[in-house]
Structure formats: structure tokens, C-alpha cells
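This report concerns only the one structure given below.
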Amino acid sequence: MTEQRRHTVEKIGGTSMSRSDELLDTLLVGGRSGTDLYNRIFVVSAYGGITDLLLENKKSGEPGVYGHFVNADRDHGWSNALTRVVEAMVAAHSAVLKHPADLADAGDFVRDRIEGARSCLIDLQRLCSYGHFRLNQQMQLIRELLSGLGEAHSAFCTTLLLRRAGVQARFVDLSGWRDECEYDLDERIAAGLADVDVSAELPIVTGYAQCTEGLMREFDRGYSEVTFSRIAARTGAGEAIIHKEFHLSSADPRLVGAEAVRKLGHTNYDVADQLSNMGMEAIHPKAAKTLRQAGIPLRVTNAFEPHDPGTLIDDQPAETPAVEMITGLGVLAVELFEQDMVGVKGYDSAFLEVLTRHRVRIVAKSSNANTITHYVDAPLKAVRRVERDLASLYPSAQVTVRHLAVVSAIGRDLVGVKPLLRGLTALEEADIQTVASQQTARGVDTQFFVPRDEMEETIKVLHRALVEEKSDVIALTASRAA
């Protein structure tokens with residue numbers, strides 16, 4: 001890949017991709033012309049809802065093609081699900097493409113990819129009817145195959161859209177479709193961008209990349225941000241940009257009011273990691289690590305407000321200690337109480353092993369002499385399995401599960417701001433029961449555990465107390481620092 005000046009690598013999410021015809025007049029082209037159109041690499045997700053249909057619904061868990069295929073021996077219900085994907089893909093590109101020739105090309109592309117995948121799955125199902133072959137040994141490859149269909153479709157159609165607008169756009173397919181070569185991720189990226197001239201072309205790259213590591217195996221649905229960050233690091237981008245449909249703000253404006261929230265103009269990767277832990281990803285933590293190690297700043301912008309600089313995320317400390325964001329997450333508190341735990345090793349590791357075996361994500365943890373509590377983000381049925389395993393391991397212990405919420409006050413530097421004291425005081429005055437609270441010595445987040453139905457009110461109260469109100473403590477701390 002050749003370049004004349006440092007470029008940007010930019011990612012567009014699925015919901016925004018579904019409005020790519022609008023992005024043509026803002027983010028993709030807007031008022032740009034000539035060379036100003038280039039020195040950018042766009043990494044795109046599938047159109048909104050397509051990956052859910054291909055794999056499973058991310059929120060409800062309703063099976064897509066993958067779910068139907070792996071749970072059926074000879075049933076072809078998955079084939080009907082694949083036909084529904086065709087209908088959804090055609091509807092998605094018909095909403096953004098207007099020229100008949102582009103619509104025809106997009107339709108041909110969908111038929112080629114989907115029918116190719118259908119033939120592959122039929123052959124695999126037939127092969128696995130023989131005793132020597134097991135479908136469960138192929139499940140990860142099936143997931144990889146299906147994942148790449150959505151991104152390839154959206155990238156191809158976006159390339160058509162841009163070419164129709166007079167832009168020298170180039171479809172860069174990293175999905176490995178009908179590719180007989182084996183590459184690791186860096187090699188796949190290098191091969192895809194080998195002869196791209198970013199100073200004169202606008203590469204539209206698939207968020208999914210087929211590689212020997214198997215992106216889905218480690219990152220599952222977070223793979224597109226991993227691809228995005230590796231492209232930025234490998235090509236030496238000046239900046240990495242994620243375009244969303246909203247600004248990163250101090251809280252959800254629907255909860256605390258649009259007039260009360262503050263847009264985050266600048267924060268750092270520590271805060272981004274805390275947001276990921278709270279299920280509010282600015283970027284996948286592994287992708288953030290790649291950018292951080294490469295010294296590449298990340299910018300998060302609103303895709304439909306191209307003139308707003310958005311939020312810059314880098315590795316710089318805060319100039320002034322402050323709470324920057326309040327956010328909450330519903331969790332299940334799994335508590336192990338065992339009187340004989342005092343001074344005995346092994347309880348922690350055994351608890352963690354059970355959680356890991358059942359793929360339960362840990363949000364926070366607390367412990368004392370005879371009690372260990374993990375606050376987890378997982379389906380109740382998975383947590384019930386954890387509960388049974390712990391009860392079997394420690395028959396004399398008490399294992400309890402409670403529905404709670406964790407509300408976190410996050411900032412680059414909370415030292416001296418006293419968020420724990422001020423937060424507990426505000427919650428007491430609002431008559432909100434605090435089940436537990438904690439903050440770490442690193443000084444980047446403070447967590448308040450409250451009943452699940454009190455989460456939204458807790459966010460409002462803490463936002464007023466810690467973000468909206470000008471604290472004398474903050475002012476005093478700033479003056480001392482100066």
C-alpha cells in the first residue's frame with residue numbers, strides 16, 4: 001500500500017451503515033472533492049440486523065442461520081433462515097442504492113455469496129451424516145463463514161454507491177471467499193491492501209477477516225473492531241476513528257436529559273476500558289490495546305454530525321480530576337459464604353474456574369474473610385448452573401444469587417474528587433438503598449451496587465451529584481495541582 005501522507009482508518013457500525021445513503025452527503029463525501037476524498041480507509045460492519053439473522057440475535061438469542069444449522073441433524077430449517085437473509089440483504093441495499101445497474105450488481109452479489117454458502121452447508125450436512133465426521137468439529141468454521149457474508153455485502157454495496165458518486169472506491173474483501181491460501185490476520189490485511197494507493201483510492205474494507213487465528217473464536221461479535229485496529233496499526237494510521245450514531249456523553253441523555261449531559265471531548269484508554277467492562281463499548285478492549293500500543297489515538301464521532309470533532313481517546317492523563325461519566329448495568333450477584341473459608345486457599349480459584357467453565361462474564365468482585373461475591377453479566381440459566389456447581393463443591397456453604405445493578409462513576413482521575421463519599425451521601429438523601437460500593441486505588445472508577453429497579457434513578461442522582469454540580473472539592477484539587 002502506498003501513501004503520500006498519514007491517513008486515517010475509520011469504522012462505520014451496522015446501524016449507521018443502514019443509512020449509508022445519508023452518509024454519502026456527510027461522512028463519505030460531503031463537501032470533499034479531489035484528493036480530499038482520499039487518504040482514508042473505511043472498515044464497515046454488516047447492515048443493521050443482518051449478522052443477527054446470520055448467527056443469532058445479539059439481545060434475545062433467537063437463532064439465525066448458524067443456530068438453526070448446528071441444532072439440526074438433517075432438518076433444513078436453516079435453509080429457510082438463509083432465504084430470509086437474502087430478503088433482508090436485498091431490502092437493505094435497496095434502501096441505499098438507487099441506480100438500476102447498481103441494484104442488479106448488488107442482487108447478483110447476494111445470490112452468488114448466499115447460494116455458495118447454501119451449497120457449502122448442504123455438502124457439510126451430507127458429509128457429517130457419515131460416522132467419521134462430526135458437525136461439532138466444524139461449528140467454528142461455519143460461524144466464520146456466515147459472519148463474513150454480511151460485511152462483504154455491505155462493503156460491496158458501499159463501493160457501488162461511492163463509484164456512482166464519482167469516487168474511486170475499491171472493494172477490499174478480507175473474508176477469504178473461495179480463497180485457497182491460508183493467512184494470519186496481518187498477512188490477510190497485507191494481501192488485501194497490497195496494491196491499494198490510499199492517496200488516490202478510497203478502500204472499503206470488510207470488518208470480518210478470515211485468518212488462521214479465527215477471529216470469531218476469540219472475539220466473537222467484536223471482530224470488526226479488532227480488524228479495524230489491526231489495519232490502523234499495520235498501516236501506521238495517524239488516527240483511528242469510530243463513527244457511531246451518538247456522541248460519547250456523561251450519561252444517557254434519555255435518562256438524565258439532553259440539557260444535562262456533557263459531551264466527552266477528551267478522555268483516555270483507561271476510561272474506554274471501564275466503559276467496555278460496563279457493557280458500553282466505545283471500542284473492544286483488545287482493539288483498544290492494539291491502538292494504545294501502536295501510539296494511535298482513537299476518535300469517536302457522531303457519523304451524522306461530521307463537523308463535530310467528537311471524543312478523542314488517547315493515553316494522556318486528565319488535566320483536572322473529575323467524574324466524566326455515569327453509566328449502569330444490570331448484574332447478578334453470586335455470593336459464596338463459607339465459614340471455613342477463613343485462612344484457607346483455593347476458594348477464589350475454584351469460584352473462577354466454575355465461572356469460566358460456564359462462560360460467565362465478571363463485571364466486579366468483592367471479598368472478605370468468609371465471603372466471595374462476583375457481580376456477573378450473564379443469563380440467569382447460566383448463573384443457576386454456576387450456583388449448582390458451587391453448591392456441589394462446597395456442600396456446607398451458602399450460595400445466593402441476587403438481581404442487582406452496578407452504577408459506575410468513571411473518570412481519568414478521581415483522586416481527591418471523593419466520588420464514593422459524595423455518591424453515597426446523594427443516594428442516602430434520595431432514599432436509594434446502596435447494597436454495596438467500592439473503588440480501586442487506581443482512581444478511575446467508583447461502583448455503587450443497588451437494587452435492579454433503582455438503576456435508572458441511581459444514574460440520575462449520581463449524575464446530578466458528581467457531574468452536573470460544581471464541587472468545591474474539584475476546585476480545591478485543581479488549585480492545588482496548579
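The values are calculated or read from the model by the stated rules, or taken from the named source; none is laboratory data. None of the values given here were measured: they were computed from a predicted structure. As a convention, Cβ positions derive from the backbone with ideal geometry for all residues, glycine included, and neighbour counts pool all protein chains shown. Calculation scope for accessible area: heavy atoms of the full protein, side chains included, ligands and nucleic acids excluded. Shrake-Rupley method; radii C 1.70, N 1.55, O 1.52, S 1.80 Å.
Quick look at the numbers
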item: Amide H contacts of Ala364 (H built 1.01 Å from N, under 5 Å, at least 5 apart or other chain); result: Tyr375
item: For the chain, share of DSSP beta bridges that run antiparallel, in % to the nearest 5; result: 60
item: Size descriptor, Kirkwood hydrodynamic radius, that averages inverse alpha-carbon separations across region 158-293, Å; result: 16.9
item: Candidate lysines for bridging to Lys381, where Cα separation is under 17 Å - those fewer than 8 sequence places away on the same chain excluded; result: Lys58, Lys59
item: Whole-Å semi-axes of region 333-410's equivalent ellipsoid (Cα gyration tensor); result: 20, 15, 11
item: Radius of gyration, Dmax [region 286-335; alpha carbons; angstrom]; result: 15.5, 49
item: Mean accessible surface per residue for region 298-359, computed with a 1.4 Å probe while every protein chain stays in place, in Å²; result: 49
item: Radius 13 Å from Cβ of Arg84, net charge of other residues (Lys, Arg +1; Asp, Glu -1); result: -2
item: Radius of gyration and maximum dimension Dmax of region 348-482, Cα, Å; result: 17.7, 58
item: Net charge dipole size for the chain [Lys, Arg +1 and Asp, Glu -1 on Cβ; Debye, nearest 20]; result: 360
item: Cut-off of 10 Å, at most 16 other beta carbons, DSSP loop: longest stretch of the chain lacking such chymotrypsin sites (Phe, Trp or Tyr not before Pro); result: 247-482
item: Of Phe304, Leu97, Pro419, farthest towards positive along the dipole that unit charges on Lys, Arg, Asp, Glu beta carbons give the chain; result: Pro419
item: Alpha-carbon gyration tensor eigenvalues x 5, square-rooted, for region 190-247, Å; result: 20, 17, 10
item: Signed unit charges on C-beta, dipole axis of region 211-351, positive-most listed residue His247, Ala294, Leu264; result: Ala294
item: Long-range amide H partners of Ala282 with built H, under 5 Å; result: Ser276
item: Carbon plus sulfur fraction of accessible area for the chain, probe 1.4 Å, in percent; result: 48
item: Three principal axis lengths of the chain [C-alpha, angstrom, descending]; result: 66, 63, 35
